[in-house]
1. Suppose we filter region B:181-190 for residues that are assigned to a loop (DSSP other than H, G, I, E, B) and crowded, with 24+ Cβ neighbours inside 10 Å; how many remain?
2. Filter region A:311-324 for residues that are touching a helix residue (DSSP H, G or I) at 6+ places or on another chain (Cβ under 9 Å) and modelled with pLDDT under 85 and give the result.
3. Of the residues A:76, A:52, which is of a type in the set (A, V, I, L, M) and at pLDDT 85 or above?
4. Somewhere in region A:124-146, is a residue touching an Asp or Glu at 6+ places or on another chain (Cβ under 7 Å) and within 16 Å of residue A:212 (Cβ to Cβ)?
5. Any residue that is out of contact with any Leu (no Cβ under 8 Å at 6 or more places or on another chain) and more than 30 Å from residue B:101 (Cα to Cα) - is there at least one of those in region A:369-377?
6. Given the options B:145, B:172, name the one that is open to solvent by less than 30 Å² (accessible area, probe 1.4 Å) and not in a loop (DSSP other than H, G, I, E, B).
7. Which condition does residue A:269 not pass, out of (1) in contact with a helix residue (DSSP H, G or I) (Cβ under 8 Å, 6 or more places away or on another chain); (2) surrounded by fewer than 19 Cβ atoms within 10 Å (Cβ to Cβ), if it passes all the others?
8. I need the helices (runs of 4 or more DSSP H) fully contained in region A:1-105, keeping only those with at least 3 residues that are closer than 30 Å to residue A:429 by Cβ and away from every other protein chain (no Cβ under 14 Å).
Amino acid sequence: MYKYLLCWRYLKTRYIALASVISVMLGVATMIVVNAVMAGFSGTMRDRLHGILADIVVESYDLDGFYDWREVQSIIQDDCGDQVAATAPTMETFGLLKIYLPNGEAVTRQVMVIGIRPEDRAKTGDFSEFVQDESGKPVKPSFDVPKAWQTHSPAGHLLADTPKDDPLHEILAQQAAEQVPDRGAILGYALATIHRPGTTSDDFIAPEGAKIGLAFPKAGRKPEAAYDDYTVVGFFKSGMSEYDSMHVYVPLERLQYMRMLGDGAGNGAVNQIQVQVKPGVDMNVVAERIQRALDSRRPGYFRVATWEEKQGPLLEAVRIEQFILNVLLFLIIAVAGFGILAIFSMIVVEKTRDIGVLKALGASNGGVRGIFLSYGLALSVVGCGAGMIEGLLIVHYLNDIERAINSLTGTRVFNPDIYYFSEIPTHIDPWTVAGVVLGAIMIAVTASVWPAQRASKLHPVQAIRFE
Amino acid sequence: MIFPFPSKDRHVSTLHLHAVGLKKTYRKGRSLEVPVLHGVDFSVSQGEMVAIVGASGSGKSTLLHLLGLLDSPDSGHIYLRGERIDHLPDRKRDHLRNEAFGFVFQSYHLMPELTALENVLMPHLIRLSPWGWFSRKKELKKEAAAWLDRVGLGHRAKHKPSELSGGEMQRAAIARALAGNPQMILADEPTGNLDAETGASVMRLLRDLNRERGLTMMVVTHDLNVARQADRIVRLNHGLVETYVPGLAA
């Protein structure tokens, strides 16, 4: 019983020892905050990545794709129909984007041109949630160009005043179609806008109704480029700059036609089939089954990958970053452990005579060891508990803290324009918190083992005579 | 004449603790050896109060530590009520120190974090498990308070050692030594840090307790006035029991 009484009294009276666990407390709080923010970031990033890609992507090794994609869809349905919710054929290819500016100049960007059927693509993944209009309002994905846009074009205005039997009518109609092509394109938000430093909003260089030009490779033995014009009808804003600054969505049939891979009426090649599995289904298992089924049809031609596999390097980089940060922060707690060791050693020296008296009164070596181990445990529980509460409070009020720092310093700590998040995303995983707290307690208790052992080995007579 | 064994005193009859041929050498480093006891024979009877006197370095405290199992002799044997105890394993030695012996030290050695009452309770706190303690807490606290009353510190029960005078601390230490209901009190210079008047009152207290309760007591001292209050005086000189001075009891 004396162990607990003395441990409690030491805890109440030895403030220097409490000071030693402040570093443990700060380490625990930092680890909880860092892990919560990183989990928030990576969780949001995963959601967005997953939203852009379907659960499983079946693609051909050849960029020109395959014509029998309806059969491939049938194979997928036949083999995993009970586990697959939807499929969508797409054509993905590299390209160059030309944005025509009002001053007559043009901006050229390297892009990924993706041919889709909006209704099908909306069923696979959260693609439709990322499509918005110029004001930022979500809109249904569609490539339809409103007739009014052509009417309001310079040629359109003239056309309205020109009788149908006028020889100019046909020329003006052609010019109106050229000025506002009837083929819509959904442009990545970062492609369509520029952000001027010091401003809070983005300026559109390719607003709704703007004409853009695309160049992409044609199919065939010789590498040749195809050119096509589109009208911007919407913007794709996922929050992932990698996609928002690269993706241009165009009608699948038009892309097939222009690449000389289709007749423009739906009969053509695709190089990807997006597969959405039903909720609760293990997509890795489905991906393996699809791969086996397609390999039996055309060995080595199709590559089937889950969205996680496709984003492997990025997700792995985030995981490694989080792991390294945790290791570094744990090292900080380990350093704090050495502080505890030093202070405990000092306390053992200070308490040498008391230890001798305790032994004279019949305390065993184990009992004396127990005093200092329970003291170490109590200190670490106090430190880690306080650190956990502090960490959780910081996470809970993180955005308020950020706003307060912003108003105090006049600078943005967390710039939503960079991350596309309106607030700092956080996610508290109870297991991570438990792991951090238990790990820190273990380090702190381990640091008290050596001083406790030293105390227990003190000879009672030498301890009593200690000056 | 060397005569370390008890006389046929009025209330001294059975051997309580005796030691035969105790030798102890302290070693400092690899080469330096300081022989302290050279084969001491010693005994004390039930209810006897023995004073051990001698010059500094004569081995008085070492003898007390060996008899109280705080240290082990290099050779020789120690018997408690006829049972050999010097060779016991640590666990049993801890037990005996807690239950059979009560120690009083020159520098009191009270726990500074605990109150006088808690210090007095320490032998029980060491002896009992948390469950045992909580089931007997009331009774033991009452008993400890009674011991504090007995040594004249009833009004100081909740005071920390830093709030007590030297004499009061020594009285609290005596109460602590008695609280565990030991068979024997081993006091090492109990008046060494006290002025003459306070020292005398502490010795009177020890003597009264010896008489009231028939407690066996060994008091190490270099003060002959203190030693005179014992039933018997044993003088140590250069690690040997040199003189036995009977009949000097107060």
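1. Let us first name the residues in region B:181-190 that are assigned to a loop (DSSP other than H, G, I, E, B), namely B:181-183, B:189-190.
With crowded, with 24+ Cβ neighbours inside 10 Å added as a condition, the list becomes B:190.
Residues flagged as assigned to a loop (DSSP other than H, G, I, E, B) and crowded, with 24+ Cβ neighbours inside 10 Å within region B:181-190 amount to 1.
2. Keep residues of region A:311-324 that are touching a helix residue (DSSP H, G or I) at 6+ places or on another chain (Cβ under 9 Å), which gives A:311, A:314-315, A:318-319, A:321-322.
Residues satisfying the conditions are A:311, A:314, A:315, A:318, A:319, A:322.
3. Working: A:52 fails: at pLDDT 85 or above.
Answer to the selection: A:76.
4. yes
5. Just the residues of region A:369-377 that are out of contact with any Leu (no Cβ under 8 Å at 6 or more places or on another chain), to begin with: A:369-370, A:372-374, A:376-377.
With more than 30 Å from residue B:101 (Cα to Cα) added as a condition, the list becomes A:376-377.
Yes.
6. Working: B:145 fails: open to solvent by less than 30 Å² (accessible area, probe 1.4 Å).
Among B:145, B:172, only B:172 is open to solvent by less than 30 Å² (accessible area, probe 1.4 Å) and not in a loop (DSSP other than H, G, I, E, B).
7. Unmet condition: (2).
8. Numbers: elements: A:2-13, A:15-20, A:22-52, A:69-80.
Per the criteria, A:22-52.
The values are calculated or read from the model by the stated rules, or taken from the named source; none is laboratory data. Predicted model only: the values in this text are computed from it and were never measured. Don't worry about glycine lacking a Cβ; one is built from the backbone with ideal geometry, like all the others, and counts go over all protein chains shown. To get the accessible areas, we keep the full protein, side chains included, count just its heavy atoms, and leave off ligands, DNA and RNA. Shrake-Rupley method; radii C 1.70, N 1.55, O 1.52, S 1.80 Å.
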